[in-house]
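Take a look at the structure below.
FYI, it's all coordinate maths here, none of it is from the lab. Values in this document were obtained by computation on a predicted structure and should not be read as measured data. Neighbour counts run over all protein chains shown; Cβ positions are idealised from the backbone, glycine included.
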């Protein structure tokens with residue numbers, strides 16, 4: 001099934017309406033939907049970022065959702081399945097936001113372990129252990145990775 005960027009953005013807005021407002025507090029940059037797919041060059045083939053949590057000096061705290069990444073990994077999926085995955089991704093990135101506000105990075109560690117497992121399965125070298133971005137006041141990030149099916 002092919003779904004438009006416009007329909008996808010409407011689904012994001014509807015899913016955000018399900019979230020209690022207090023959990024969105026401090027998300028000063030809001031939630032952006034970008035049309036492109038997002039991959040990191042060091043990741044194995046078929047691994048896409050569905051969403052990211054950013055802290056940006058100019059934009060503030062924000063969540064980015066990658067429509068193109070959903071298109072890549074959800075080929076042939078029903079719209080209901082896409083919305084279910086989108087709900088998961090929004091909640092995942094929102095958890096990064098809440099953890100960041102609380103000074104935690106548990107989900108970031110879980111994400112890294114998941115990605116390293118995929119790297120090992122695919123025969124890629126594991127990534128060097130990255131120090132926490134938040135240690136130096138940098139750009140804390142959370143990611144929601146998925147494999148292309």
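Just a few scattered comments:
- Counting neighbouring beta carbons within 10 Å and listing from fewest to most, the residues 64, 83 come out as 83, 64.
- Neighbour-count ranking [beta-carbon atoms within 10 angstrom, fewest first] of 69, 4: 4, 69
- Listed options for percent of Cα pairs over 24 Å apart are [x] 32; [y] 26; [z] 52. The value calculated from this structure is the one marked [x].
- Per residue of the chain, the DSSP helices (runs of n ≥ 4 H) give a summed -39500 (n - 2.57) that works out to -13500 deg cm²/dmol at 222 nm.
- Förster-model FRET efficiency, 25 Å R0, residue 114 and residue 84, C-beta, rounded to 0.05: 0.85
- Gyration tensor (alpha-carbon) shape descriptor, the stretch 20-97, a/c threshold 1.5: oblate
- As a proxy for reagent exposure, 70, 124, 8 were ordered by neighbouring Cβ count within 10 angstrom, fewest first; the result is 124, 8, 70.
- GNM top mover of 36, 85, 122 - the chain, alpha-carbon springs below 10 Å: 122
- Ordering 101-109, 51-59 by mean Cβ neighbour count within 10 Å, with the highest value first, yields 51-59, 101-109.
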